[in-house]
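The values are calculated or read from the model by the stated rules, or taken from the named source; none is laboratory data. Model, not experiment: these values are computed from the prediction. Methodologically, a virtual Cβ is constructed for each residue, glycine included, from the backbone with ideal geometry; neighbour enumeration extends over all protein chains shown.
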Amino acid sequence: MLLSLLYSAPGRANPYYDPAKPHHTKEGFRNNYPHDPPGSFLAWQWERIRDGLPKDAPPDYRTPTVAADLAWLRANRTETSLTWIGHATFLLQTGGMNVLTDPQFSERASPVSFAGPRRKVPAAIALQDLPRIDLVVVSHNHYDHLDRASVKALNAQPGGPPLFLVPLGLKPWFAREDIANVVELDWWQEHRAGALTGHLLPVQHWSTRTGGDRNETLWGGWLVDGPSFRFFFAGDTGYSDDFKDIGRRFPGINLAAIPIGAYAPRWFMKWAHANPDDAVRIHQDLGAGQSVGMHWGTFQLTDESLDEPPRVLTEALRKADVSPLRFFVMAIGETRHYPVAARPLAGPDAPPTGNR
């Protein structure tokens with residue numbers, strides 16, 4: 001019933017409408033490149049009942065986890081590092097700043113506490129144990145990417161709130177939650193924050209929060225550009241030529257976080273959610289030095305089993321002749337460390353060092 005709300009028609013007029021921008025519509029926003037229309041939600045639900053889906057992981061399967069090195073993460077202000085907290089939430093430390101992507105620390109990805117997708121794995125770091133966060137980037141307003149309790153807790157952190165960078169249309173939502181330190185951007189716009197610049201970039205997805213607001217707010221990926229490290233966070237996306245456009249405009253991406261899960265069934269999810277084959281194409285289109293798979297192992301949102309995405313990614317990399325050193329997965333809680341050096345990283349297969 002909750003998911004069915006996501007397929008309601010758009011409602012109000014778009015206050016941001018700019019007829020010179022093709023992705024703007026009078027009602028909201030749309031993707032840059034043509035794609036198949038969404039499939040029937042009811043047909044998907046019938047298929048799930050008929051075929052006994054979603055698939056189950058093996059009984060003894062647990063998403064890989066390690067204990068986060070909290071003391072090091074709190075003390076670090078010089079070394080570039082990336083820590084996977086779970087799903088699409090990363091802690092990026094670069095340019096002397098702490099950056100969070102799509103903060104989701106709650107037990108459920110849902111508008112209510114008693115129903116909706118539930119965590120299979122706890123967040124690797126509790127909100128109160130994070131280092132002070134300077135910058136938060138939000139890709140779109142779906143509940144597994146924008147969690148009300150998480151952003152309100154971050155806004156109340158000791159030392160003052162972080163800066164929230166969000167797509168067009170989300171600033172009023174934050175204002176209703178009494179969160180004021182917010183900058184909203186359109187695709188290809190940028191905002192400077194300390195040593196870093198955040199660029200909102202186009203990806204192929206959609207938005208809704210209440211069921212009657214489909215595509216009334218924008219979505220996107222984020223490029224976090226620092227003095228010596230360029231990080232791309234895809235948010236949630238299907239495959240499109242947007243990534244070729246991004247690769248041309250922003251060469252020298254050191255590391256990209258790309259979704260590899262929530263992709264089945266393909267007839268229903270293909271336009272909006274990348275599978276591992278799509279993710280490898282995105283990695284190649286971006287020209288990224290390295291990529292990390294995300295959006296798997298935390299919430300079971302679709303029909304593939306929880307353990308499937310990394311296995312399918314291994315085969316996708318083999319087919320594309322891409323080294324697993326170039327596109328890897330992390331354990332939840334793992335930190336990868338990167339040298340402070342001018343981009344690009346030395347050598348096409350130069351691996352980061354592992355968890356400390």
Problem set entry | Positions within the range 88-115 being part of a loop (DSSP other than H, G, I, E, B), closer than 22 Å to T237 by Cβ and touching a strand residue (DSSP E or B) at 6+ places or on another chain (Cβ under 7 Å), in sequence order | A88, D102, P103, Q104
Exercise. Is there any pair with a first residue in the range 145-172 that is outside any helix (DSSP H, G or I) and a second that is aromatic (F, W, Y) and surrounded by fewer than 18 Cβ atoms within 10 Å (Cβ to Cβ) whose Cβ atoms are under 6 Å apart and which are 6 or more apart or on different chains, and what are they?
Worked result: L168/Y16
For this session: Filter the range 75-109 down to residues that are among the hydroxyl-bearing types (S, T, Y) and at pLDDT 95 or above and give me whichever is nearest to G221 (Cα to Cα).
Result: T101
Seminar exercise, completed: A126 fails exactly one of (1) under 15 Å from I85 (Cα atoms); (2) among the hydrophobic types (A, V, I, L, M, F, W, C); (3) in contact (Cβ under 8 Å) with a residue 24 or more places away in the chain, namely (3)
Problem set entry | Scope the range 300-315; condition over 10 Å from Y263 (Cβ atoms) and crowded, with 21+ Cβ neighbours inside 10 Å; matching residues | L306, L313
For this session: Given the conditions (1) buried (at least 19 other Cβ atoms within 10 Å of the Cβ); (2) among the hydrophobic types (A, V, I, L, M, F, W, C); (3) touching a residue at least 60 places away in the same chain (Cβ under 8 Å); (4) closer than 16 Å to A88 by Cβ, report the number of the one that W187 does not fulfil.
Result: (4)
Exercise. Which pairs do you get when a residue that is closer than 11 Å to H337 by Cβ and assigned to a strand (DSSP E or B), found in the range 58-81, comes within reach of a residue that is at pLDDT 95 or above and of a type outside the set (S, T, N, Q), reach meaning Cβ atoms under 6 angstrom, with the pair 6+ apart or on two chains?
Worked result: T80/F229; S81/H337
Seminar exercise, completed: Requiring at least 1 residues that are under 26 Å from T298 (Cα atoms) and modelled with pLDDT of 95 or more, the strands (runs of 3 or more DSSP E) wholly within the range 173-286 are 196-201, 221-225, 230-233, 255-259
For this session: State whether the residues of the range 106-116 include one that is touching a residue at least 12 places away in the same chain (Cβ under 8 Å) and of a type in the set (S, T, Y).
Result: yes
Exercise. Quick check: is even one residue across the range 235-243 among the hydrophobic types (A, V, I, L, M, F, W, C) and under 16 Å from N32 (Cα atoms)?
Worked result: yes
Seminar exercise, completed: How many residues of the range 208-242 are crowded, with 24+ Cβ neighbours inside 10 Å, closer than 24 Å to W84 by Cα and in contact with a Pro (Cβ under 9 Å, 6 or more places away or on another chain)? The answer is 7
Problem set entry | Tally of residues being crowded, with 20+ Cβ neighbours inside 10 Å and closer than 23 Å to S81 by Cα across the range 316-328 | 1
Problem set entry | Among (1) farther than 28 Å from D129 by Cβ; (2) of a type in the set (D, E, K, R); (3) surrounded by fewer than 15 Cβ atoms within 10 Å (Cβ to Cβ) - the single one E47 does not satisfy | (3)
Exercise. Would you say G116 is crowded, with 23+ Cβ neighbours inside 10 Å and closer than 19 Å to L301 by Cα?
Worked result: no
